[in-house]
1. Could you identify which residue out of 376, 132, 146 has the top mean-square fluctuation in a GNM of the chain using Cα springs shorter than 10 Å?
2. What share of the DSSP beta bridges in region 77-195 is antiparallel, in percent to the nearest 5?
3. Arrange the following residues from fewest to most other Cβ atoms within 10 Å of their Cβ: 394, 385.
4. Shape verdict for region 1-129, please, from the Cα gyration tensor: rounded (a/c under 1.5), prolate (a/b greater than b/c) or oblate.
5. Once you put a point 7 Å from the Cα of residue 391 and another 7 Å from the Cα of residue 142, both along the Cβ direction, what distance in nm separates them?
6. For the chain, what number results from the quotient of the Cα radius of gyration and 2.2 N^0.38 Å?
7. Can you tell me what share of the DSSP beta bridges in the chain is antiparallel? A percent to the nearest 5 is fine.
8. Evaluate the distance, in nm, between pseudo-label points positioned 7 Å from the Cα of residue 311 and of residue 274 along their respective Cα→Cβ axes.
């Protein structure tokens, strides 16, 4: 029995895979090395995935390149049909996919279910867009010429996804690539690979041909180097830190790869004097505390106009004090565990720095489970621009 089946009950246990997918074959790493994946709520081992290196990644790129020869020739209607089937299967297996996501990532089950739904919506959207791919004719400056613009698939695309949205970040990148006629090599986060592998299972069932979707798992070092250096890869799509994004830009420069990057953020939430404060508080809860604050676009600081500062701070403090922290599978949980202890360290460093520089703790949630993997939601007042929390992405509650 797999470790994960002792923790969660799945209607379709075949969605839980502990092998990578290359050229339609589920396989181990060449070295047989593996990486354990843990449940951040309990620190229990869920299972393991192959710890792949450069040779495995080259094999995946080769499989994608071979599949590209035929996939790029498929009709727009055929690609749309297969994507629609993939979408339907994702929606049919929403409950299993959400549970798997919560077990490996930690977010509340309700949030995981929402991610599966909006992740599937990307596939549906680009299935429809596949039918609309076309060229154009441009008026020529000379009488004996016609200028045609034709749109062709780029080729093999490397898809590098983060751990905070391990389902939706894949569908958002893979669906448009497939719709355009590209093939992909997916590198999911080593913390949350099982969601990616489950999507691979459903892609196979949808009839997407072998080699069109390849998934390499493991630590990022050797895999990333090969994806950057290999000239067969023509595009990289990455969501993650600014530091890694800069590394990818440098590494992809020699082979002139196209890049799509979504990197770190530091968004403010602004409350003016004429705001509906109850609505503003609920807006903060959604924009700051969704996924425990581990969201690329979440508000990192709250700017409140002086006239409503005290009233808003009081209302927000009351709401945060009541927030329930716990395992994502527990009923009523609003804040799940952080992804790892490094995330906890950064949160604690930001709070300590803010307090040292004059910030006041206005509120914090009352009950937090035992274990260092949980962060207590905190409201800090009297913050200034000199504090780390004003210039760095906290990625926590």
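What follows is calculated from the coordinates using simple rules that are stated; it is not laboratory data. This structure is a prediction, so every number in the text was calculated from the model and none was measured. For neighbour counting, all protein chains shown are included, and Cβ atoms are generated from backbone atoms with ideal geometry for every residue, glycine included.
1. Ranking 376, 132, 146 by mean-square fluctuation puts 146 first.
2. Antiparallel bridges: around 40 percent, rounded to the nearest 5.
3. 385, 394
4. Oblate, since a/c reaches 1.5 and b/c is not below a/b.
5. 5.8 nm
6. Ratio of Cα Rg to 2.2 N^0.38 Å: 1.07.
7. Bridges in the chain that DSSP calls antiparallel: roughly 40 percent.
8. 1.4 nm
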